[in-house]
Amino acid sequence: MTSILIIEDDDIMLKAIRNILTKAGYNVLTAKDGKEAFDKIDNEQYDIVITDLMMPYANGLEVVSRVRSDSRKRHVSIIVVSSVGNEETITEAFRLGADDYLKKPIMAGELLIRIKKLIESRSHTSAKLVTKKK
Amino acid sequence: MWSNLTNLIYSAYEQFNYLPLFIEIALAFIFIAIFATLIAYGVILFRRWRGYVDEKRMAFIRPRVEEMITEQVLLNENLEKMQVAEIEFEPAALNDKIYKKEWVRQIIIDILIQYRKNFRGEVGELLRKLYLDMNLTKDSYDKMKSLKWERKIKSVVELTQMDVQISDVTILPLTNSTNPALRAAARNAYIQLSKNEPFKFFDIATEPILPWDQLELFKIITTTKDIAIPNFSRWVSYSTNKSVVSFCLKLIAHYDQQSAIPAVLDLLANKDHYFRADAINCLGKLSAEVAEERLIRIYNTQPLACQLEILKALGRIASGKHLEFLKQEFLYSSNFDIRMNAARSIIKHNTPGSRALIDELKEITHEENRLIISHCQNPLIKY
């Protein structure tokens, strides 16, 4: 089962996304701030990270950098969900290694489709790598 | 015991009358201070108690409301199967006795608004449907009748967030309220809710649109979908409200309304030089070449603020016809700002002619002017 780590300081949004993803059949882990997020990033297993940008202790961009700097987490996909919509921030998030960016308010259906697509593209890439190795 | 106390107070009062005046005043102050302190402590205690009760209530009801919204909206099975308008909520879940209480209904509204800020699409629409089906609009409308302006603002914000129409008769007077916060909230709501004539309140606005409110309105106007943008020259020509005219000039420039140029040109004859400066700024941003001659003609009779705007406008229009004028201002003006803006405008032309002129100026001018030119040539400095 695909595991998803949600990092979001807004309690309502955190619970809402958790409920939607759990209903869609994913295994969901949550973190309420940057500190808790770093702890879970380092110690838990997950396939996708969904992170907000503005949070206490560490912002979403730092979360993206942390995941990308860990060679064991290369397979992890990152989706940034934020109400920040300026070009520089979005570009910076992608530059640091985010795979997708959703601007709040989000559409639940869209989030699910994007997660599905990321999982598909990751499995595609890993299948290719296996074939190459063979 | 009571009679002893009454006697004590009575004798104290009798003795009080025989005390020297300054002692009487000092005693009066002491009593007032003790009384005020007691009242203050009483108010603090009461507020803390209210806060504690509210916290308890919230801790009890919030999870229940969130669970109800999660079940009825976020995890609603019908979301994928049918249109939002056709989805019916479970009556048992909505008709819970506790949801009839006013304070619980307010919590539901607050939570629904928080959800609406985070979700759009079908989930957003279903949240709105829940708001309507629970008849929470009535609660929001009731707040509109309150005499307290904070409650009125809350009402306006709730109805706007839930995309519920407010009649013009109700909201238009609020857009002109003497209370700046209420006025701003009503104006923001009017633009978001009125699809056909979102700027109708400009017609009746006698109260100013404060600079911060202009920023907020500008954000709403430029980010609200399907908003009908009118020709703002209408208010430039006829409004008697200075802040409306000034704001419309900014909107004309933003939406590049070329048809408004004649109305903006008329403002150059206005007695208020702040108006004229705003109008010149707008003409520059519209790249109104037709205005150039007139701007040069009036230049010498204008105050510094307008002169600077004229120099900037010439740089923005950049027709190349008035490089000589800019050169003269750069070389012979004693005012630093004028020289700076003249240099910037020459550089802004970015034509072979202007580049040659800059090279020439570097040769013939003095050290300070050369510094101004190299400063203006720095691409990191915004113009």
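The values are calculated or read from the model by the stated rules, or taken from the named source; none is laboratory data. No experiment lies behind these values; they were computed from the predicted model shown. Neighbour counts run over all protein chains shown; Cβ positions are idealised from the backbone, glycine included.
Tabulated data for the structure shown
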| quantity | calculated |
| --- | --- |
| Number of positions in region A:3-29 that are within 13 Å of chain B (Cβ to nearest Cβ) and not small (Gly, Ala, Ser) | 16 |
| Some residue of region B:31-53 being without any contact (Cβ under 8 Å) to a residue 40 or more places away in the chain and surrounded by 11 or more Cβ atoms within 10 Å (Cβ to Cβ) | no |
| Any pair with Cβ under 7 angstrom, 6 or more apart, that starts in region B:109-133 at a residue that is under 18 Å from residue A:9 (Cβ atoms) and within 7 Å of chain A (Cβ to nearest Cβ) and ends at one that is surrounded by fewer than 18 Cβ atoms within 10 Å (Cβ to Cβ) and charged (D, E, K, R) | B:118/A:104 |
| Test set (1) under 29 Å from residue B:301 (Cβ atoms); (2) under 18 Å from the mean Cα position of the chain (by Cα); (3) not basic (Lys, Arg) - residue B:273 fails condition number | (2) |
| Residue match in region B:350-370 (condition: under 37 Å from the mean Cα position of the chain (by Cα) and surrounded by 14 or more Cβ atoms within 10 Å (Cβ to Cβ)) | no |
| Close pairs (9 angstrom Cβ cut-off, 6 or more residues apart or separate chains): in contact (Cβ under 8 Å) with a residue 60 or more places away in the chain in region B:358-383, of a type outside the set (A, V, I, L, M) and surrounded by 14 or more Cβ atoms within 10 Å (Cβ to Cβ) anywhere | B:383/B:312; B:383/B:315; B:383/B:316; B:383/B:344; B:383/B:345; B:383/B:348; B:383/B:376 |
| Members of region B:201-214 found to be of a type in the set (A, V, I, L, M), part of a loop (DSSP other than H, G, I, E, B) and surrounded by fewer than 16 Cβ atoms within 10 Å (Cβ to Cβ), listed by number | B:210 |
| Residue count for region B:154-165, restricted to those that are crowded, with 22+ Cβ neighbours inside 10 Å and not hydroxyl-bearing (Ser, Thr, Tyr) | 3 |
| Whichever residue in region A:76-88 is crowded, with 17+ Cβ neighbours inside 10 Å and of a type outside the set (A, V, I, L, M, F, W, C) and, among such residues, is nearest to the other protein chains (Cβ to nearest Cβ) | A:82 |
| Index of the failed condition, residue B:89 passing every other in (1) surrounded by fewer than 11 Cβ atoms within 10 Å (Cβ to Cβ); (2) outside any helix (DSSP H, G or I) | (1) |
| Where a residue in region A:99-127 is away from chain B (no Cβ under 14 Å) and closer than 12 Å to residue A:81 by Cα and its partner, wherever it lies, is surrounded by 12 or more Cβ atoms within 10 Å (Cβ to Cβ) and of a type in the set (Lys, Arg), with Cβ under 8 Å and at least six apart | A:100/A:114 |
| Those helices (runs of 4 or more DSSP H) lying entirely in region A:20-96 with at least 3 residues farther than 20 Å from residue A:10 by Cα | A:60-69, A:87-96 |
| Residues of region B:73-101 satisfying the condition of being modelled with pLDDT of 90 or more and within 12 Å of chain A (Cβ to nearest Cβ) | B:73 |
| Which numbered condition residue A:33 misses (of (1) out of contact with any helix residue (DSSP H, G or I) (no Cβ under 9 Å at 6 or more places or on another chain); (2) within 24 Å of residue B:110 (Cα to Cα); (3) within 14 Å of another protein chain (Cβ to nearest Cβ); (4) not aliphatic (A, V, I, L, M)) | (3) |
| Breaking point among (1) at pLDDT below 95; (2) exposed (fewer than 14 other Cβ atoms within 10 Å of the Cβ), for residue B:234 | (2) |
| Criterion violated by residue B:228 - all others in (1) within 21 Å of the chain's Cα centre (by Cα); (2) surrounded by fewer than 15 Cβ atoms within 10 Å (Cβ to Cβ); (3) in a helix (DSSP H, G or I); (4) not hydroxyl-bearing (Ser, Thr, Tyr) satisfied | (3) |
| Conditions (1) surrounded by fewer than 18 Cβ atoms within 10 Å (Cβ to Cβ); (2) at pLDDT 90 or above; number of the one not met by residue A:100 | (1) |
| Test: residue in region A:57-72 that is surrounded by 15 or more Cβ atoms within 10 Å (Cβ to Cβ), closer than 26 Å to residue B:73 by Cα and under 16 Å from the mean Cα position of the chain (by Cα) | no |
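Yes/no per residue for (1) in contact with a Gly (Cβ under 7 Å, 6 or more places away or on another chain); (2) hydrophobic (A, V, I, L, M, F, W, C); (3) assigned to a loop (DSSP other than H, G, I, E, B); (4) surrounded by fewer than 18 Cβ atoms within 10 Å (Cβ to Cβ):
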residue: B:187; (1), (2), (3), (4): no, no, no, no
residue: B:199; (1), (2), (3), (4): no, yes, yes, no
residue: B:216; (1), (2), (3), (4): no, no, no, yes
residue: B:240; (1), (2), (3), (4): no, no, yes, yes
residue: B:245; (1), (2), (3), (4): no, yes, no, no
residue: B:274; (1), (2), (3), (4): no, no, no, yes
